[in-house]
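Have a look at the structure below before the remarks.
The values are calculated or read from the model by the stated rules, or taken from the named source; none is laboratory data. Remember, predicted model here, so these are calculated numbers, not experimental data. Neighbour counts are summed over all protein chains in view; Cβ atoms, including those assigned to glycine, are modelled from backbone coordinates with ideal geometry. Note: accessible area is taken over every heavy atom of the protein model, side chains too, but ligands, DNA and RNA are not part of it. Shrake-Rupley method; radii C 1.70, N 1.55, O 1.52, S 1.80 Å.
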Amino acid sequence: MMPAPVACRAPAQLSRLDHPLLHTGRRLATGEPLVIVAIGSSSTAGAGASSPAASYPSRLAVELKKLFPGHDITVLNRGVNGEETHDMMARFADGVIAEHPQLVLWQVGTNSVLRDHPLDAHAAELHEGIEQLKATGADVVLIDLQYAPQVLAKSETLGMVDQIALAAKDEHVDLFHRFAVMRDWHEVQHNAYDVFVSPDGLHMNDWGYACWAKLLAATIAQAANPSVASAVRPH
C-alpha cells in the first residue's frame, strides 16, 4: 500500500506578508500582463529538482495561473548556482531591471553562510541591494534561507535569518519566511528531511519546491488583494 501523500501546509502567520503588493495587485486588477522576476542562487535555479519544470519559479507560475485563470503571468527564473548577494546585485541591471517586473522575489543569504562569511559585511550589501530593487518601482519580497541539514550546521545561520528579517523591516519590504516554514514542516509537522530536502542535505527536492511555490502563490495572491482582481476580472 502506498503511503499517504504529505500535505503541503504552513501556519498562517508564517505565510503572510506584512505589506500589500500594490504594483502586483494593480496588474491583476487591470488584467495587464504581470511579470515576476525570481532572482537568487541554486535554490532559485532549481538545484535538487528533477527538471527545470520542478523549480520553484516554474511551479510558482503554475500555481498563480490556477489562482488567476485567464491572466498573463510570467515568472522569470534568474537563479544562478553558487552566487552570493554581490553576485546577484551585479546581475540586477540585465537580469531584473531590464525585464520591467512588477514583483521581484529575492532569495538571498544561504551561500554567504555556507562559506562562513561574516555577517557585518553582508548587512550593508543587503540594504544596498534592496534599495536598488525598490528604486525600480517593483514590489519586493525577500526569501530567506532553507531549513536543511547543511545550512543548520553553520554557526551564522540564525544570525543571517535575523539579519534578513531586520533588513526587510527597516526597508519596508516583504519577507517570505522560508526558513520558518521549512522548520515547521520538520519540527511541528514531523516530516523527515527527505520529504522536502534532496539527498545532498542542502537543496530542496520536487516536493519541497512545489510546496514552497504553492504557499508563496497563495501569499502573493493575498497580499495583492485578490478581491479587487476578481471584481474586475471579465466573466
- Would you confirm whether any residue within segment 61-69 is touching a residue at least 40 places away in the same chain (Cβ under 8 Å), in a strand (DSSP E or B) and closer than 20 Å to Met182 by Cα? no
- Message: Quick check on this structure: which one of Asp206, Asp139 is within 14 Å of the chain's Cα centre (by Cα) and among the acidic types (Asp, Glu)?
- Response: Asp139
- Item | Counted residues, segment 37-84 - those being under 20 Å from Ala224 (Cα atoms) and open to solvent by 50 Å² or more (accessible area, probe 1.4 Å) | 9
- Do you know which residues across segment 155-198 are under 17 Å from Asp18 (Cα atoms) and either among the acidic types (Asp, Glu) or not in a helix (DSSP H, G or I) (or both)? Asp162, Asp170, Glu171, His172, Val173, Asp174, Leu175, Phe176, His177
- Provide a single number: the residues in segment 199-220 that are open to solvent by 10 Å² or more (accessible area, probe 1.4 Å), in contact (Cβ under 8 Å) with a residue 60 or more places away in the chain and either in a helix (DSSP H, G or I) or out of contact with any helix residue (DSSP H, G or I) (no Cβ under 8 Å at 6 or more places or on another chain) (or both). 6
- Message: I'm trying to understand the selection: among the residues of segment 114-155, which are over 19 Å from Gly48 (Cα atoms), of a type in the set (D, E, K, R) and surrounded by 22 or more Cβ atoms within 10 Å (Cβ to Cβ)?
- Response: Asp139
